[in-house]
Every structure is written in structure tokens, then in C-alpha cells.
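To start, the structure itself, in C-alpha cells.
Every number here is computed from the coordinates shown, using simple stated rules; none is lab data. Predicted model, so just to flag it, every value in this text is computed and none were measured. Note that each Cβ is placed from the backbone with ideal geometry, even for glycine, and that neighbours are counted across all protein chains shown.
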Amino acid sequence: MDVLPLPRSATTRSGDAFVLDESTVIDAGPGTEGAERRLRADLGAATGLPLPPGAGAGGGDGGGDARGAIRLRVDAADAGHLGPEGYKLHVDGEGVTIHGGGAAGVFWGVQTLRQLLGSDAYRKAPAAPGRRWEVPAIFIEDAPRFSWRGLMLDVARHFMPKDGVLRYLDLLAAHKLSVFHFHLTDDQGWRIEIRRHPELTRTGAWRARTKYGHRASPLWDDKPHGGHYTQDDIREIVAYAAERHITVVPEIDIPGHSQAAIAAYPELGNTDVIDTTSLTVWDNWGISPNVLAPTDNTLRFYEGVLEEVLELFPSAFVHIGGDECPKDQWKASPTAQARIKELGLADEDELQSWFIRHFDRWLTERGRRLIGWDEILEGGNRPEGVQEPGGDTTAWGLAPGAAVSSWRGYRGGIAAAEAGHDVVMCPEQQVYLDHRQAAGDDEPMPIGYVRTLEDVYRFEPVPPALTPQAAARVLGTQANVWTEVMQDSSRVDYQVFPRLAAFAEVAWSALPAPADRDFADFERRMAAHYARLDALGVHYRPPGGPLPWQQRPGVAGRPIDKTPPNV
């Protein structure tokens, strides 16, 4: 059996396989309408079969329509046993039955059924008219290990048009991933329409040129680069994801990684230190020194941005970045120093914490939860209260609902979990998919540590040092894709696949300890999965290394030869 991610249990059975043909119907019970639509759209396109509704569709047991049917049911008993994302799939000669603990469980069961039908089930039209569509007799019981099974895609460094984003949501769904972390703003571009601040996209979405390769490269692409999503685009993306049981978590970076916003609205920067009117959207990579000024005007501006973001994204979580914020301008700024004194803060680190805590409370008051990179833990652990503008005294530190994306290894996640905060584990040493996949010189624009397919497969999201109580705070895990050296979707594909398949199994399946995982079996199942990726048109890295047209000879990367540090 070549299902991926690996199911919790699977038993092949004697007896006839089920054959889909012109008489096959979809018998969808209440709550399974979304899965029914996707099943009919995807399998109907690939097979050319009509797959009409069965006589029992909409409720009941399907009556006399049980033979020759694909039956979809939400089952409360399965919800108690397997959770809302769990499912049972039973196939025999008379049909297919998928019971899910919730609508999501039925949908994930449908993804497994699609895998069982073979790679041609992933095509947009029948590749072999007249072929026999057969599902083996089998019983599968399955449920995910984590609820947060994510991919972060950076569209700020290199813009991905809307159709490419929708394609990636399909790829996430095919791998049973449940969260799409949408990195929408950075120094190099602002990608979301904010109607009350139109210059964010009119000016902030475009840069005049782009560094080609790592920042050490002498090469430039002198063609302007940019683009943004309208609010209608965002609504479409969010709805498309929701039908696939994927939550879209937006990221709006503050107070660092904000040069594109400052280029659009110079008053957001530290105007008493530099001439912010001379700033443009950054054309290089790395960490810009130009950060937001700690003023009331900046707070009100970003509250307005977030008000529109909340209207577009129903996600409980909103990511505010909080990482890599240089303090040099604040140290030199009389305005920043006056704010530190006014608030009774110790230093610039505590000033950054004040920034984060402001939006933490702001989001909490609106029923949302802040999530940020693990730097949001810094400068905010004093037990006493802090005087805020207006005379309010608020307990120092993050709200209980705030969560942490642990990217600088495990340490930030461990500290957050032990302090009672939820955590998403995404250490760069393990699951940054922009890092190179092999040590060879033929890897295109190689950066970072070598992280092979097997390395990703042996990643463990829950550090063994955590107590059981703290371990329960690990919501799940996420692979991150930063696109500085990824100019188009083919380059993104090359970096993401096939490693995302290994990551998906880590996030979904109850695997043994890393050293005991059966990578040979995973590779065997990958042989079938490569055919699915081919059918989906994914430009993955072949097991034998990059094809000639996937290489970028002569373009500098940032190789790191040493082994990743102990995280």
C-alpha cells in the first residue's frame, strides 16, 4: 500500500476490488457536501465519469443505492474515537464507504481514496480513455497526530500570482496539510490591498530591481518586480482553502521587516534618524535596518491595517512577525528614547516587547490570537506592571492566548510551552525548505544547511525534554519556504518537493522515534508518489539530483558546510 502520509492502520482484505464506472454514484450524507463537491470535481475530471448523486444522498443509509456507490458520512461516534479530522475508509466489491469524525475527516478520507486510485486520478482530464478505475479491497482507520500541519509561503520576496497560490492549496490538501501561513509583507514587498492605505500596494508592492542569488552575489535582475492581491483575491484564496479544510493564517510583519511599508508611508519610519522619504522598497536580501518608529501614529496605522485583515481572514490566529528587528535606529532616535523613558522600559528590547504586547492585547480584545516568531518572547518577562500611554497599568508579558512559531531551533518553543503558551515547531535547522537538499555544487543557488529528504523525515516536532503538560502545548509543526532565491513557481516546487511529502508524514502520522523510522519504506511509497507529483505538474527535485535546467551555474548561494547546531 502506497498511501502517504502513512495511515494509523490499514488492512488489505480478500475479495473483489471496487470498480468505478458509468453507474457509480456519490451518496453524500449531511455535512459532507464539500467533500462531495471536491470528489466529483477532481475524480470526474480525471476519470471522465459523471459520478451523479445517489438516491440516498443527503441522509439516511443510502437505501438500495448501496451497491456501486461511494458513500460519505459524518459519524459522531468516529468523532469521539478519532477526532474531527479522523476517518474510516472501507472498500469492497460493492462500493466505498468513508466515515469521518467531522467534515474534515471525510475530506481527508477522500484524499486517501484518490491515492488508492493511482496517479492518473490527479490529472485534469482522462489520460487513458476507457481505462479501468479500480480500488483495492481495504480497511483504513486514520487520524492526524497534530491539528497544525502547516506550510509557510513567503510571497513578499518573490510574488506568486493568485493562481499559483490556489495551486499550492491543492498541493497542501493532497498531502493532508491543514494550515497555510501566508507571509504577505516584508522589506521587499507589501502584497495585500489595504483600502484605507492605498500606497502600501501602489508603492510598496514594487521594487525597481532584485538581487539575483544570495546577497553576496554580484548579479542583479534589473527588471521591476512586484504584485499584490486585491481584497477580492484574498477572499477567493481564503474560501478556496476553507473548502479544502485549510486555515489561512496571514502574517503582517512588525516592527522589523517593514521597509516596504515605510517606503510607501515615510512617517512610519524613524524620521528623526534618517530621511525616510528617500527610502524605496528594498532590492536586496537580509535584514533591513529600517524599522517602524514606536509612535502612536504607527500604532493607529497598523490597527487600521489589521482591522481590514480581520475582515478578510477568519483564522483565530494572526501572525505579526516580531523577528529580526535591529535596534540601531531606536538607540539613535530621541523619539524612541523618550518613549522608553515614558513607559519606564529598561532598553530597546523591552520597547520591541511593548510593540508586540500592544497588538497582542488589541487582537485579544477582538477575539483573535496573536502568533509570532520566537523573538516575541524577548524583553517581556518582568513580573511587574508597565505604565502604558493614558495611564493604564497592564501585566507585563504576552496574553495567555498568544502563541509562538519556534524557528531558531527548539529553544524558543520549549520556553514558550513551559510558560504556558501554545507552540508551532518550525526550526530552521530542520524544516526550512529553502535550505539546500544536497551538498553538490549543482544545487541551484544553494543556501543554508543541507537538509535531505531523509533529514526531514527524521524530524521530531516535540522535543523529548518537554514535560507531558508542556508537550501538550505543541499545536503542531510547519515547514517554511522563504523565496529570496526562488524567482518563479518552478523554483518553489524544486525546493518544496519531495521534502514536503516527508514533512506531511511527520505532521500527520504517529511515527516512531526518529532513529527508528522506516525510511526505506517511505522511499518505496515515494516511488508511487513521484508519479502523483508528475500528474500534478510539480517540478520536484528528482532523487538523483537536479536536472540540467534546474541548475543555476555561476549564481552564488550561501553554503554552510558545517552540521546544523544542536537545536
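Rounded, prolate or oblate: which fits the chain when a ≥ b ≥ c are the square roots of the eigenvalues of the alpha-carbon gyration tensor, with rounded for a/c under 1.5 and prolate only if a/b beats b/c? Judged from the Cα gyration tensor, the chain comes out prolate (a/c at least 1.5, a/b above b/c). Derived scalar couplings between HN and Hα for region 275-292 equal 7, 5, 5, 8, 6, 10, 4, 5, 9, 10, 10, x, 10, 6, x, 8, 10, 5 Hz in order, rounded to whole Hz, by the Karplus curve 6.51 cos²θ - 1.76 cosθ + 1.60 (θ = phi - 60°), x for Gly and Pro.
What's the FRET efficiency of S278 with F519 using the Cβ-Cβ distance as r and R₀ = 41 Å, to the nearest 0.05?
On the way: r = 53 Å, r/R0 = 1.30.
With R0 = 41 Å, the Cβ-Cβ based efficiency is 0.15.
The amide H of L511, built 1.01 Å from its N in the peptide plane, has no neighbour under 5 Å, considering only residues 5 or more places off or on other chains. What separates the Cα centres of region 94-146 and region 163-231 is a distance of 34 Å. Note on A338 and E199: the model spin-label points, each 7 Å out from Cα along the C-beta direction, lie 2.2 nm apart. The separation of region 236-304 from region 527-567, counted between C-alpha centres, amounts to 31 Å. Can you compute the FRET efficiency between T12 and R132 using 1/(1 + (r/R0)^6), with r the Cβ-Cβ distance and R0 = 25 Å? Round to the nearest 0.05. Once rounded, the FRET efficiency stands at 0.85. With the simple spin-label model, which puts each label point 7 Å out from Cα in the Cβ direction, the T563 to N297 separation comes to 5.3 nm.
Each DSSP beta bridge with both residues in the chain is either parallel or antiparallel, and the antiparallel ones are about 35%. Cβ crowding within 10 Å ranks E267, E428, E375 as E267, E428, E375, fewest other Cβ atoms first. Per-residue Karplus couplings for region 439-447, computed as 6.51 cos²θ - 1.76 cosθ + 1.60 with θ equal to phi - 60°, are listed in order as 8, x, 5, 8, 5, x, 6, x, 9 Hz, Gly and Pro entered as x.
Annotation: amide H-H contacts under 5 Å for D27 (H modelled 1.01 Å from N, sequence separation of 5 or more, or interchain): G54, I70, R71, L72.
If each residue's Cβ is checked for other Cβ atoms within 10 Å, how do K162, K211, K562 rank with the fewest at the top? Write down the numbers at each step before the final one.
Numbers: K162 16, K211 22, K562 7.
Fewest-to-most ranking of K162, K211, K562: K562, K162, K211.
Counting neighbouring Cβ atoms within 10 Å and putting the fewest first, the residues V238, V96, V404 line up as V238, V96, V404. With a simple spin-label model that places each label point 7 Å from the Cα along the Cα-to-Cβ direction, the separation between D534 and R235 comes to 4.2 nm. The 3J(HN,Hα) values that the Karplus relation (6.51, -1.76, 1.60; θ = phi - 60°) gives for region 252-269 are, in residue order, 10, 6, 8, x, x, 6, 10, 5, 4, 5, 5, 4, 7, 9, x, 5, 6, x Hz. Gly and Pro appear as x.
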